[in-house]
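As structure tokens, the structure follows; a few thoughts come after it.
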Amino acid sequence: EAQVTQNPRYLITVTGKKLTVTCSQNMNHEYMSWYRQDPGLGLRQIYYSMNVEVTDKGDVPEGYKVSRKEKRNFPLILESPSPNQTSLYFCASSYRQDYNSPLHFGNGTRLTVT
Amino acid sequence: AQKVTQAQTEISVVEKEDVTLDCVYETRDTTYYLFWYKQPPSGELVFLIRRNSFDEQNEISGRYSWNFQKSTSSFNFTITASQVVDSAVYFCALSEAQYQGAQKLVFGQGTRLTINP
């Protein structure tokens with residue numbers, strides 16, 4: 001089954017403790033992206049990647065890192081989480097330059113930073 | 001810059017009523033795509049529809065219909081004979097071309113729809 005898999009689904013952590021949210025897709029998509037969802041703000045893009053070893057900032061990249069060492073994986077790294085990063089996170093993927101293909105989203109990771 | 005506005009933060013109706021969710025967008029591109037996503041209480045994002053800027057035909061899918069009007073930059077979503085299972089947050093989104101043709105979605109703030117039995 002074609003899918004984008006995020007783990008964990010829920011995560012509670014404390015300020016400053018490094019964490020990684022994993023994202024994997026099995027559709028051979030070149031393009032992958034991370035969004036965060038906050039009440040009243042909709043979803044905003046954090047980082048995106050056009051292909052292996054190619055990443056770039058989205059609209060709200062501060063406090064986040066990503067890597068793309070393999071085509072299927074695109075982890076989101078919070079090196080020193082803070083309470084303002086409490087949010088619902090979504091990973092998404094699609095074929096590059098395929099305007100007819102909608103983004104495929106993972107099921108989300110709800111992160112709480114205390 | 002592109003922008004999507006969903007002015008209705010929350011809507012509450014009684015089951016079987018019709019309900020329309022408004023979406024207004026801003027873009028300078030002549031080619032763009034508009035989307036609607038549903039987010040049920042379980043939290044995942046469910047793709048509902050994609051419409052490109054050259055296709056202004058309205059679309060109907062069962063109880064769902066979409067009205068795209070370029071003249072008013074609107075892409076409204078109507079649920080006919082609403083059901084409790086339609087309760088969710090609904091997002092309208094606009095595609096924005098990124099580097100080398102990648103598609104970035106610009107989302108509206110979302111409308112929380114509650115259907116009461």
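The values are calculated or read from the model by the stated rules, or taken from the named source; none is laboratory data. Note that this is a predicted model, so its numbers are computed, not measured. Ideal geometry is used to build each Cβ from the backbone, glycine not excepted, and the neighbour counts take in all protein chains shown. These accessible areas exclude ligands, DNA and RNA; they are computed on the full protein's heavy atoms, side chains included. Shrake-Rupley method; radii C 1.70, N 1.55, O 1.52, S 1.80 Å.
Could you list all residues from the range A:8-58 that are of a type in the set (K, R) and within 14 Å of chain B (Cβ to nearest Cβ)?
Selection gives A:R9, A:R36, A:R44, A:K57.
Would you check which residues across the range B:2-16 are at the interface with another protein chain (Cβ under 10 Å from one of its Cβ atoms) and either open to solvent by 90 Å² or more (accessible area, probe 1.4 Å) or farther than 17 Å from B:A93 by Cβ (or both) and list them?
B:T9
Which count do you get for residues in the range B:51-84 that are without any contact (Cβ under 8 Å) to a residue 24 or more places away in the chain, open to solvent by 60 Å² or more (accessible area, probe 1.4 Å) and more than 20 Å from B:E26 (Cα to Cα)?
5
Which one of these is within 14 Å of another protein chain (Cβ to nearest Cβ), free of Cβ contacts under 8 Å to residues at least 12 places away in the same chain and not aromatic (F, W, Y): A:P61, A:P102?
On inspection, the qualifying residue turns out to be A:P102.
Give just the number: which of (1) on the phi < 0 side of the Ramachandran plot; (2) at pLDDT 95 or above; (3) loosely packed, with under 15 Cβ neighbours inside 10 Å does A:C91 not satisfy?
That leaves (3) as the condition not met.
Scanning the range A:76-99 for residues that are part of a strand (DSSP E or B) and away from every other protein chain (no Cβ under 14 Å), which turns out nearest to A:E30 (Cα to Cα)?
A:L76
Which of the strands (runs of 3 or more DSSP E) found entirely inside the range B:23-92 contain at least 3 residues meeting this: out of contact with any Pro (no Cβ under 8 Å at 6 or more places or on another chain) and hydrophobic (A, V, I, L, M, F, W, C)?
It comes to B:74-79.
Looking only at residues in the range B:27-49 that are within 11 Å of chain A (Cβ to nearest Cβ) and open to solvent by 70 Å² or more (accessible area, probe 1.4 Å), which one is nearest to B:G110 (Cα to Cα)?
B:F47
Taking the criterion of being free of Cβ contacts under 8 Å to residues at least 24 places away in the same chain and under 19 Å from B:T111 (Cβ atoms), would at least one residue in the range B:2-13 satisfy it?
Yes - at least one qualifying residue is present in the range B:2-13.
Checking the structure you have, find out if any residue of the range B:101-115 is open to solvent by less than 70 Å² (accessible area, probe 1.4 Å), within 14 Å of chain A (Cβ to nearest Cβ), over 28 Å from A:K57 (Cβ atoms) and out of contact with any Cys (no Cβ under 9 Å at 6 or more places or on another chain).
No, there is no match, as no residue in the range B:101-115 is open to solvent by less than 70 Å² (accessible area, probe 1.4 Å), within 14 Å of chain A (Cβ to nearest Cβ), over 28 Å from A:K57 (Cβ atoms) and out of contact with any Cys (no Cβ under 9 Å at 6 or more places or on another chain).
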